[in-house]
């Protein structure tokens, strides 16, 4: 995604709140008391000295206030996570859907009871800019969904998103952050920043194809591409965005990998499901909000689960069969 910072001033507030809460936990207080006791001279006969020592080991009114605010923030975040889809339901695009293609490596690992490693590779919408806390970025939401569906499986989802990057920058870290991890599935979100920078979509597609070749040569990882998002900032460059979407689809077809057509899915939210753009995009007109990330992760997770299920029952769906293929 773009290197623009979102205008959502409340983003990431949950993490400091949790840190504040943890810093005031009984364990931390006990350690602080022990350190204070070691640093304090032996009590004297002076009563006022004893009172001062006791007071130093109890949290002040200000500290108790910080604790209460931290607890309230945690409760607020938890409530938001619980009712995010009750505000706007997350529905598949109208007209039904097809599978994104086979994920044989992931399916084989799950059937064998082996750990599964997924790398979410991309830019700021993978990192989670626009989400109110890290819990609401799409890799974390996807991990939670897959773990619920496969409760006995050891599933790790690594967030390798870096804001502001596109294919040229991502290729520089492809080896260390993707190939060297030996993932079972790579979800590669790419193309938006190239559109915003007026880069040639053909050059981006060529780099992505080269990256897929490198991943396939190194490992038997399944690969799913994620194309740009449908949002006002991207739609201002409609022609470039359209070319990017089509070329990434062609690359997926040529390299026999899956693709999740995020642009078409998000356009369906607005044009067919009548969801206002501001319901899934933040004020910068580019990055998704909590609901947008959550629904994106939900639909992507549904496709992964369907694809794995087909492999488990012996149905090998060609990778050139696209999810929600409207193009």
Checklist outcome for this item: Within region 170-180, residues being part of a helix (DSSP H, G or I) and within 19 Å of the chain's Cα centre (by Cα) number 4
Item to check | Flag if residue 183 is out of contact with any strand residue (DSSP E or B) (no Cβ under 8 Å at 6 or more places or on another chain), in a loop (DSSP other than H, G, I, E, B) and either crowded, with 22+ Cβ neighbours inside 10 Å or modelled with pLDDT of 95 or more (or both) | outcome: no
Next on the checklist: Only one of 131, 120 is in a loop (DSSP other than H, G, I, E, B) and either closer than 28 Å to residue 166 by Cβ or in contact with a helix residue (DSSP H, G or I) (Cβ under 6 Å, 6 or more places away or on another chain) (or both). Can you tell me which?
Outcome noted: 131
Item to check | region 104-133 residues that are under 26 Å from residue 281 (Cβ atoms) and outside the structural domain of residue 287 (by TED's automatic domain parsing), paired with ones that are modelled with pLDDT under 95 and assigned to a helix (DSSP H, G or I) (beta carbon under 7 Å, 6 or more apart) | outcome: none
Item to check | region 103-117: number of residues that are in a helix (DSSP H, G or I) and more than 20 Å from the chain's Cα centre (by Cα) | outcome: 8
Checklist outcome for this item: Residue count, region 203-222, condition without any contact (Cβ under 8 Å) to a residue 24 or more places away in the chain and either within 25 Å of residue 311 (Cα to Cα) or not assigned by TED's automatic domain parsing to the domain that holds residue 107 (or both), comes to 1
Checklist entry - Quick check: anything in region 195-216 modelled with pLDDT of 95 or more, closer than 26 Å to residue 136 by Cβ and surrounded by 23 or more Cβ atoms within 10 Å (Cβ to Cβ)? => result yes
Next on the checklist: Take the conditions in the same structural domain as residue 171 (by TED's automatic domain parsing), part of a loop (DSSP other than H, G, I, E, B) and modelled with pLDDT of 95 or more and apply them to residue 96. Does it pass?
Outcome noted: no
Checklist entry - Of the residues in region 186-202, how many are farther than 19 Å from residue 262 by Cβ and either free of Cβ contacts under 8 Å to residues at least 24 places away in the same chain or in contact with a strand residue (DSSP E or B) (Cβ under 7 Å, 6 or more places away or on another chain) (or both)? => result 1
Next on the checklist: Would you confirm, using the coordinates I've provided, whether residue 160 is crowded, with 22+ Cβ neighbours inside 10 Å, over 21 Å from residue 291 (Cβ atoms), without any contact (Cβ under 8 Å) to a residue 60 or more places away in the chain and touching a strand residue (DSSP E or B) at 6+ places or on another chain (Cβ under 6 Å)?
Outcome noted: yes
Item to check | Search result, residues across region 139-156 that are outside any loop (DSSP other than H, G, I, E, B) and over 19 Å from residue 128 (Cα atoms) | outcome: 147, 148, 149, 155
Checklist entry - With 237, 267 as the choices, which residue is under 24 Å from residue 201 (Cα atoms) and either crowded, with 21+ Cβ neighbours inside 10 Å or out of contact with any helix residue (DSSP H, G or I) (no Cβ under 8 Å at 6 or more places or on another chain) (or both)? => result 267
Next on the checklist: Any residue that is under 22 Å from residue 101 (Cα atoms) and either in a helix (DSSP H, G or I) or not assigned by TED's automatic domain parsing to the domain that holds residue 118 (or both) - is there at least one of those in region 228-243?
Outcome noted: no
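The values are calculated or read from the model by the stated rules, or taken from the named source; none is laboratory data. Quick caveat, the model's predicted, so the values are computed rather than measured. Cβ atoms come from the backbone with ideal geometry, glycine included; neighbour counts cover every protein chain shown.
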